[in-house]
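Colleague: Starting off with a structure, shown below.
What follows draws every value from the coordinates through simple rules; no lab data is involved. Remember, it's a predicted structure, so these values are computed and weren't measured experimentally. Note that each Cβ is placed from the backbone with ideal geometry, even for glycine, and that neighbours are counted across all protein chains shown.
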């Protein structure tokens with residue numbers, strides 16, 4: 001068994017860009033504990049600990065999930081728009097342009 005469970009990188013895409021931090025953590029550390037240890041909330045105080053959506057390698061998970069060796073934690077930001085609504089608007093715009101010609 002490992003004495004520590006290092007995570008390769010904690011990645012978050014913020015309005016300011018991509019934020020990454022590499023850490024070595026004790027075995028049994030949870031996702032939530034790792035994010036706190038990484039200093040993410042110090043660098044990005046606008047994000048709420050309670051509302052944070054996280055995942056590992058593209059799959060959402062709970063902050064209580066224990067890390068495994070080499071896990072990459074991802075912090076997901078909320079969408080600024082509904083993708084389906086955006087698609088509908090583009091299709092309507094295209095249809096309007098075609099009907100005008």
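Colleague: For the stretch 7-100, compute Rh as the Kirkwood radius over C-alpha pairs and then the Stokes-Einstein diffusion coefficient at 37 °C and 0.692 mPa s; write the answer in µm²/s, rounded to an integer.
Modeller: The estimated diffusion coefficient comes to 216 µm²/s.
Colleague: Describe numerically, in nm with one decimal, the distance between label points set 7 Å from Cα along Cα→Cβ at residue 90 and at residue 62.
Modeller: Going from the residue 90 label point to the residue 62 one covers 3.7 nm.
Colleague: Also, quick follow-up: At 7 Å along the Cα-to-beta-carbon direction for both residue 18 and residue 97, put a label point, then send me their distance in nm to one decimal.
Modeller: Taking the simple label geometry, residue 18 and residue 97 are separated by 3.0 nm.
Colleague: Given contacts defined as C-alpha pairs under 8 Å and at least six residues apart, what's the relative contact order of the stretch 7-100, whole-number percent? Please list the in-between numbers first.
Modeller: Values: 110 pairs, mean separation 31.0, N = 94.
RCO, the stretch 7-100: 33 percent.
Colleague: Considering only DSSP beta bridges where both residues belong to the stretch 7-100, give the percentage that are antiparallel (nearest 5).
Modeller: 80 percent
Colleague: I want to make sure I understand the PRE zone here: with the label point 7 angstrom from the Cα of residue 44 toward its beta carbon, which residues in the stretch 70-98 have backbone N atoms less than 20 Å away?
Modeller: Label zone hits: 71-83.
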